[in-house]
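Asks: First, the structure itself, so that you have it in front of you.
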Amino acid sequence: MGPGDPRRSKGPSLMKKCRNCPTRIPAAGPTRCQECARRNAALTRLARDADPNHKAKKRAYDIANRERARELKRKRYRPRSNSKTCVDCDAQIPARGPARCIEHHEAYWTAYYSEKNKRWPRENVEKNRARRRRRRLRVMEAEGAYTAEQWAALQHVTGNRCLCCGIDADLEPDHVIPLAKGGTNWIDNIQPLCRSCNARKRLKSTDYRSKETRTMLKQWSGAPESNRQAKLDV
């Protein structure tokens, strides 16, 4: 809730008045401001030192309230639990860590970023157009091309799974050497990745394909031999 949120006025005040002066202090803090707290502590010390029976009174109070003191001590130093309950199920998880178990944690953030990635183009129309325009220019300027049949055959050879995480989902053609780094658009520079792994790879030149797959793609590709010797930053 931000400082300008109209809902703030409906809740309790975040400031309160010092009990000894008009100074405004945080509502969640002590009952006195710092100046009044120091003055009150000094007066308490003076009254304690001036009373010759102070120690006897304190000893009598401790004896009369022994059980209460023990209860307060137990509450103050009570052992903390090492586990907590997942907010989405009854599974017990470590107290320090995410609020959800592993399954619900992954599902929650997958759904969150999926919705965020769908919402961003709608909320940033001009930025999305510029991004797609830059992408089209890189593809048009890149050397080579591959057919839909080659892409379908590559997915079939790799088992229709992402080569990075192995998930069975909608796959995207990823350029092993990114176009922004001078990579080509031949099929021997393409590998099938899911949307998440493709976005995480960014401008890295990581090749997840096996040696047999790379050899087969070189036979499919129409690229000259000189363009296949690019080094990969694995």
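Asks: Sequence neighbours fewer than 8 away in the same chain don't count; with that in mind, list the lysines whose C-alpha is under 18 Å from K218.
Replies: Once the sequence-local lysines are set aside, what remains near K218 is K231.
Asks: Round to the nearest 10 and give me the degree value, 0 to 90, for the angle of helix 148-157's Cα axis relative to the longest principal axis of the chain.
Replies: 60 degrees
Asks: Just in the range 13-59: which trypsin sites (Lys or Arg not before Pro) are loop by DSSP and have at most 14 other Cβ atoms within 10 Å?
Replies: The qualifying sites are R19.
Asks: Find out how many positive minus negative residues lie around A95, taking Lys and Arg as positive, Asp and Glu as negative, among other residues whose Cβ is under 12 Å from that of A95.
Replies: +3
Asks: On to the next question. If I fit a long axis through the Cα atoms of helix 211-220 and take the longest principal axis of the Cα atoms of the chain, what angle between them do I get, 0 to 90°, rounded to 10?
Replies: Tilt of helix 211-220: around 40 degrees.
Asks: Gaussian network model of the chain, Cα springs within a sub-10 Å range: biggest mean-square fluctuation belongs to which of T158, T23, T110?
Replies: Highest fluctuation of the listed residues: T23.
Asks: Size of the dipole of the chain about the Cα centre, Lys and Arg at +1 and Asp and Glu at -1 on the beta carbon, nothing else charged, in debye to 20?
Replies: 2460 debye
Asks: Helix 34-50 sits at what angle to the longest principal axis of the chain, using alpha carbons and giving 0 to 90 degrees rounded to 10?
Replies: That helix lies at roughly 40 degrees to the long axis.
Asks: Take the cross-link list K118/K201; K16/K75; K181/K204 and give me the ones stretching past 21 Å between alpha-carbons.
Replies: In this structure, K16/K75 exceed 21 Å between Cα atoms.
Asks: Could you list I93, I167 in order of exposure, starting from the residue whose Cβ has the fewest other Cβ atoms within 10 Å?
Replies: Ascending number of Cβ neighbours within 10 Å: I167, I93.
No value in this document is a laboratory result; all are computed from the given coordinates. Note that the coordinates shown come from a computational prediction; the quantities given were computed from them, not determined experimentally. We place every Cβ from the backbone using ideal geometry, glycine too, and count neighbours over all the protein chains shown.
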